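As structure tokens, the structure follows; a few thoughts come after it.
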Amino acid sequence: MNLSRPAALITGASSGIGEVFARRLAGQGYRVILVARRRERLEKLAADLPGAEIIVADLTADSDLRRVEQFIAARSTLEFLVNNAGFGVPGPYHSSDLEAQDRMHRLHILAVGRLTHAALCGMMERRKGTIVNVSSVAGFLQAPFSVSYNATKAWMNSFTAGLHIELRKLRSPVRVQALCPGFTVTEFHDLLDMDRGSIPQSLWLSAEKVVDASLRGLEHGKLFVVPGWRYRIFLAVAAILPQSLKRFLAVRFSRSSGNTNK
């Protein structure tokens, strides 16, 4: 293992967007560090990526989160962080699993904030680094049956934008990006027991397309990357609608199954 190679750490790396990030970054010469809960999945992926390391961790658990933070802080070669781990909790907020809601907030907010802090300390000192926070189109919207999910992604968008402004003020070359995909073919929606057929095929993106859009966006210095022209048009229209109309449309066209975007 060549520890002098620049390293990239990806959370939620065992499948979907995280797995594609790991493969793409390994192809760019990074020594990838794969973080997720499922050891077998990580070991299988690491076998395909020379020099890959794995960290089996549940980032909603304080002890595991601290362990990954300490790992990041000790890695002087870490140049890329992808905060990708995430999940949704479907259904009306008042009747949903409160413990699951708590874990989701911990993962989308606390873990992202703490791992970003751990990575930024070294990146700022070395004046080199990239952080991608995998958010969602949902972060620009409010909707029934995914109230907390949308809110945590809105926090992620605001947090990333604030960091971008701060880094520019400090004249730092460290890059940050909020990657905001819409419906993406991953296990995310399977875990929500969602019927993909209920969403028009044209709205589904592949994980490969999402990651490639992110990497192209980094090349052009984009803070927010929304893969897929349909989603970009949708958000542009939504941005100019009155809030009252957006709330009406959210109620009118929401799906009672509690589907969320990822």
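Taking the Cα centre of the range 7-253 as reference, the dipole from Cβ charges on Lys and Arg (+1) and Asp and Glu (-1) amounts to some 940 debye.
When the charge dipole of the chain is built from unit charges on Cβ atoms (+1 for Lys and Arg, -1 for Asp and Glu) and taken about the Cα centre, the candidate among 172, 104, 231 whose Cα reaches farthest toward its positive end is 172.
Loop-only trypsin sites (Lys or Arg not before Pro) in the range 1-93, please: DSSP not H, G, I, E or B, and at most 15 other Cβ atoms within 10 Å.
On the way: sites: 23, 24, 31, 37, 38, 39, 41, 44, 66, 67, 75; in loops: 37, 38, 75.
Sparse-neighbourhood loop trypsin sites (Lys or Arg not before Pro): 38.
What the Cβ-Cβ distance of residue 168 and residue 249 gives, at R0 = 25 Å and to the nearest 0.05, is a FRET efficiency of 0.10.
Under the simplified labelling scheme, the residue 125-residue 158 pair shows an inter-label distance of 3.2 nm, with each label point 7 Å from Cα along Cα→Cβ.
Throughout, read-outs are computed from the coordinates displayed, never taken from laboratory work. What you are looking at is a predicted structure, and each value in this text was computed from that prediction instead of being measured. Because the Cβ atoms are built from the backbone with ideal geometry, glycine has one as well, and the counts that use them run over all protein chains shown.
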